[in-house]
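For reference, the structure is listed below as structure tokens.
The values are calculated or read from the model by the stated rules, or taken from the named source; none is laboratory data. Predicted model only: the values in this text are computed from it and were never measured. For neighbour counting, all protein chains shown are included, and Cβ atoms are generated from backbone atoms with ideal geometry for every residue, glycine included.
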Amino acid sequence: TWTTAAFVEQAIREIRARVGEKRVLLALSGGVDSSTLAFLLHKAIGDQLTCVFIDQGFMRKYEPERLIKLFQEQFHIPVEYVNARERFLSSLSGITDPEEKRRMIGYEFISTFEETSRRLGPFDYLAQGTLYPDVIESANTNVDPQTGERVAVKIKSHHNVGGLPKDLRFKLVEPLRKLFKDEVRKVGRAIGLPEEIVQRHPFPGPGLAIRILGEITAERLNILRDADLIVRQEINKRDLYHDYWQAFAVLLPIRSVGVMGDQRTYAFPIVLRIVTSEDGMTADWARVPYDVLEVISNRIVNEVKGVNRVVYDITSKPPGTIEWE
Ligand code: XMP
């Protein structure tokens with residue numbers, strides 16, 4: 001029978017056997033897969049592992065700080081923090097098309113990753129949080145024709161970006177490759193990852209950048225981060241987090257008229273997107289209790305400067321998508 005303890009032991013033996021004395025690079029994303037991966041590798045090979053965290057500036061409020069703190073203070077795993085916020089923001093300046101936005105974010109991610117691995121390298125191996133379903137999906141694509149080994153031709157990031165240059169074609173170490181998501185969660189929990197990482201809702205690689213329609217600016221990011229925090233706080237407070245597949249805020253780049261005190265306001269609307277789903281392929285809008293919607297709306301309008309209206313998205317998927325971009 002499968003137990004987490006047996007898995008962890010076996011994974012550590014396999015990592016040591018595969019990697020030997022060589023150096024391994026790992027990009028942390030903040031999710032359960034890469035966090036579990038980092039823990040296993042660090043246990044297996046200690047300082048032969050280099051963890052980098054590329055902060056694009058699109059994570060939710062307090063998330064980057066919490067991640068770094070967790071790794072450094074609780075797990076004692078050093079993390080190389082790469083602050084790429086300015087860089088992503090300026091390369092996205094003026095871009096409003098959703099596809100172009102994603103492409104640009106993917107491109108910046110690759111080039112930041114490349115620079116970082118050259119600066120800290122050389123590395124022989126790239127650690128990836130490939131899960132069993134991904135292995136099946138990419139069965140023939142990532143195999144070196146000479147050696148028959150799986151190699152990193154692309155970085156499997158949540159951006160699904162590709163194109164690593166030839167000299168950065170690392171060998172892969174993929175200790176989670178036989179696991180399903182629920183098994184990774186079990187392992188994650190067993191090694192002491194906090195529930196907020198283990199049970200986190202799916203979060204897209206481009207993060208908040210695809211939840212701001214139109215141009216992304218520092219001001220809009222701040223508004224969305226504050227609104228998003230309120231959504232999560234109110235949902236957590238009522239223990240509803242696990243009832244939903246995702247629950248988040250979207251900022252629309254249009255303005256509507258409102259009134260506050262005796263002042264006319266002209267500000268952005270926030271859309272609440274809260275859905276139920278089994279796998280993300282189809283989804284339904286959640287029948288969130290009215291009083292919860294009410295508190296979220298009141299708090300956002302009162303506490304988040306720049307927002308004067310909150311609307312609830314009642315579109316299922318299909319025909320809608322879960323995200324707005
Ligand atoms: P849509 O919006 O297509 O989303 O209904 C389906 C699920 O996928 C997530 N999503 C992403 N995840 N990188 C990711 O890792 C992405 O670029 C991305 N885009 C959407 C979305 O949050 C939902 O759970």
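At pLDDT 95 or above, assigned to a strand (DSSP E or B) and crowded, with 19+ Cβ neighbours inside 10 Å: which single residue out of V275, V257 fits that description? Break it down into steps so the answer makes sense when it comes.
Numbers: V257 fails: crowded, with 19+ Cβ neighbours inside 10 Å.
Exactly one of V275, V257 is at pLDDT 95 or above, assigned to a strand (DSSP E or B) and crowded, with 19+ Cβ neighbours inside 10 Å, namely V275.
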Residue match in the range 72-85 (condition: without any contact (Cβ under 8 Å) to a residue 24 or more places away in the chain, out of contact with any strand residue (DSSP E or B) (no Cβ under 7 Å at 6 or more places or on another chain), among the acidic types (D, E) and assigned by TED's automatic domain parsing to the domain that holds L179): yes
Matching residues in the range 245-254 - criterion: being assigned to a loop (DSSP other than H, G, I, E, B) and either in contact with a helix residue (DSSP H, G or I) (Cβ under 6 Å, 6 or more places away or on another chain) or away from the ligand (no atom under 11 Å from the Cβ) (or both): L252, P253, I254
Residue among L221, L240 that is under 24 Å from R200 (Cβ atoms), under 18 Å from the mean Cα position of the chain (by Cα) and away from the ligand (no atom under 16 Å from the Cβ): L221
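Kindly indicate whether I210 is within 16 Å of the ligand (Cβ to nearest atom), part of a helix (DSSP H, G or I), in contact with a Ser or Thr (Cβ under 7 Å, 6 or more places away or on another chain) and among the hydrophobic types (A, V, I, L, M, F, W, C). Give the steps one after another, and end with the answer.
Values: within 16 Å of the ligand (Cβ to nearest atom): yes; part of a helix (DSSP H, G or I): yes; in contact with a Ser or Thr (Cβ under 7 Å, 6 or more places away or on another chain): no; among the hydrophobic types (A, V, I, L, M, F, W, C): yes.
Here the answer is no, as I210 does not meet what is asked.
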Subset tally (residues that are within 11 Å of the ligand (Cβ to nearest atom) and either assigned to a strand (DSSP E or B) or of a type in the set (S, T, N, Q) (or both)) for the range 280-325: 6
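Okay, residues lined up against (1) closer than 30 Å to F268 by Cα; (2) part of a helix (DSSP H, G or I); (3) at pLDDT 95 or above:
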position: I136; (1), (2), (3): no, yes, no
position: L164; (1), (2), (3): no, no, no
position: G214; (1), (2), (3): yes, no, yes
position: L224; (1), (2), (3): yes, yes, yes
position: V231; (1), (2), (3): yes, yes, yes
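For residues in the range 110-129 being part of a helix (DSSP H, G or I) and among the polar types (S, T, N, Q), which is nearest to I15 (Cα to Cα)? So that I can check it myself, show each step before the final result.
The first filter runs over the range 110-129 and keeps only residues part of a helix (DSSP H, G or I), leaving 110-120.
Okay, now just the ones that are also among the polar types (S, T, N, Q), so 111-112, 116-117.
On the way: S111: 27, T112: 26, T116: 23, S117: 20 Å.
By that ranking, first place goes to S117.
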Subset of the range 189-207 [more than 30 Å from A5 (Cβ to Cβ) and assigned to a helix (DSSP H, G or I)]: G207
